[in-house]
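These notes concern the structure reproduced below.
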């Protein structure tokens, strides 16, 4: 009972104080203070939501790139990852990972793809190819969707191995890519590892200007009777191409001919375009963009090589 009386007394005193403050004009000050505190709380909550969204976006992008380069364990897809480590399945996310980190992931993936060189060269049919170049498109058996575009090349360099290595390695610098070009250092010995990023800008047939960011990494591996080069290009669309990605893997094999007349160079390139939530026309334009870029890069490589005389392109040859 005494507690109830004490509570009633406190309420009466509080009521008298409120009336006194109101009569003195101070009640409006309380109201203004309360409103100001409410506005500050709402601003803080909005900022917190913004920070949470940003953190989630960053986490999603990092998670996406880890998935893209298969650095996360995925038990259900482990067999497919081991058989096809060059395949990616990116999703539309916002950029947030540093270029150095992406290059690191590309080089890690290159090391995995290097282990598949013999299987790739055997499966693609280079050993029996009688033409200088073949292009093909491959579709998924289960869904009928596009899996990858493939380009095969075979040519002979009439040099000894030492000179052939210098010529081919020089060709990977792609001097035509100078827009926002950045060469990365510190990822391995510069004679065996090279990495860079650059921006490609093109004008579509519709007159629309489009651009992509490409990150390129290549590494070569010396074996007893051959030299292997493996490279990857990660393309990220911008503007109307935002949300579209491509992951390209290339394998190159250099071996001496049995008669010591030159070096046989065999190349297999597979490009995996991934079109996000865009119209079919934009997706088609992106595919054409990739084909054009790939042809330009091939032309650059062959131009660099052919600046050295006596380069020959031909069919099957006997190698050591």
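Taking the stretch 128-150 as the region of interest, how many residues are outside any strand (DSSP E or B) and loosely packed, with under 13 Cβ neighbours inside 10 Å?
Total meeting the criteria: 9.
Please determine, by comparing only the residues of the stretch 217-239 that are without any contact (Cβ under 8 Å) to a residue 60 or more places away in the chain and under 30 Å from residue 287 (Cβ atoms), which one is farthest from the chain's Cα centre (by Cα). Break it down into steps so the answer makes sense when it comes.
Going through the stretch 217-239, the residues without any contact (Cβ under 8 Å) to a residue 60 or more places away in the chain turn out to be 220, 222-224, 226, 233, 235, 237-239.
Filter once more, keeping what is under 30 Å from residue 287 (Cβ atoms): 220, 233, 235, 237-239.
Values: 220: 20, 233: 7, 235: 5, 237: 10, 238: 13, 239: 16 Å.
Among residues in the stretch 217-239 that are without any contact (Cβ under 8 Å) to a residue 60 or more places away in the chain and under 30 Å from residue 287 (Cβ atoms), the one farthest from the chain's Cα centre (by Cα) is 220.
Regarding the stretch 119-136, can at least one residue be identified that is in contact (Cβ under 8 Å) with a residue 12 or more places away in the chain and within 22 Å of residue 192 (Cβ to Cβ)?
Yes.
Suppose we filter the stretch 254-276 for residues that are under 12 Å from residue 241 (Cβ atoms) and in contact (Cβ under 8 Å) with a residue 60 or more places away in the chain; how many remain? Before you say what the answer is, go through the steps one by one.
To start, the set of residues in the stretch 254-276 that are under 12 Å from residue 241 (Cβ atoms) comprises 273-276.
Filter once more, keeping what is in contact (Cβ under 8 Å) with a residue 60 or more places away in the chain: 273-274, 276.
Residues in the stretch 254-276 being under 12 Å from residue 241 (Cβ atoms) and in contact (Cβ under 8 Å) with a residue 60 or more places away in the chain: 3 in total.
Quick grid of which residues meet (1) touching a helix residue (DSSP H, G or I) at 6+ places or on another chain (Cβ under 6 Å); (2) farther than 27 Å from residue 122 by Cα:
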site: 193; (1), (2): no, no
site: 199; (1), (2): no, yes
site: 208; (1), (2): no, yes
site: 226; (1), (2): no, no
site: 243; (1), (2): no, yes
site: 251; (1), (2): yes, no
site: 260; (1), (2): no, no
site: 269; (1), (2): no, no
site: 281; (1), (2): no, yes
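Got a sec? Which of 132, 145, 83 is at pLDDT below 90, over 25 Å from residue 227 (Cβ atoms) and assigned by TED's automatic domain parsing to the domain that holds residue 216?
Working: 132 fails: over 25 Å from residue 227 (Cβ atoms); 83 fails: over 25 Å from residue 227 (Cβ atoms).
Going through 132, 145, 83 in turn, just one is at pLDDT below 90, over 25 Å from residue 227 (Cβ atoms) and assigned by TED's automatic domain parsing to the domain that holds residue 216: 145.
The values are calculated or read from the model by the stated rules, or taken from the named source; none is laboratory data. All of these numbers come straight from a predicted model, not from anything done at the bench. Don't worry about glycine lacking a Cβ; one is built from the backbone with ideal geometry, like all the others, and counts go over all protein chains shown.
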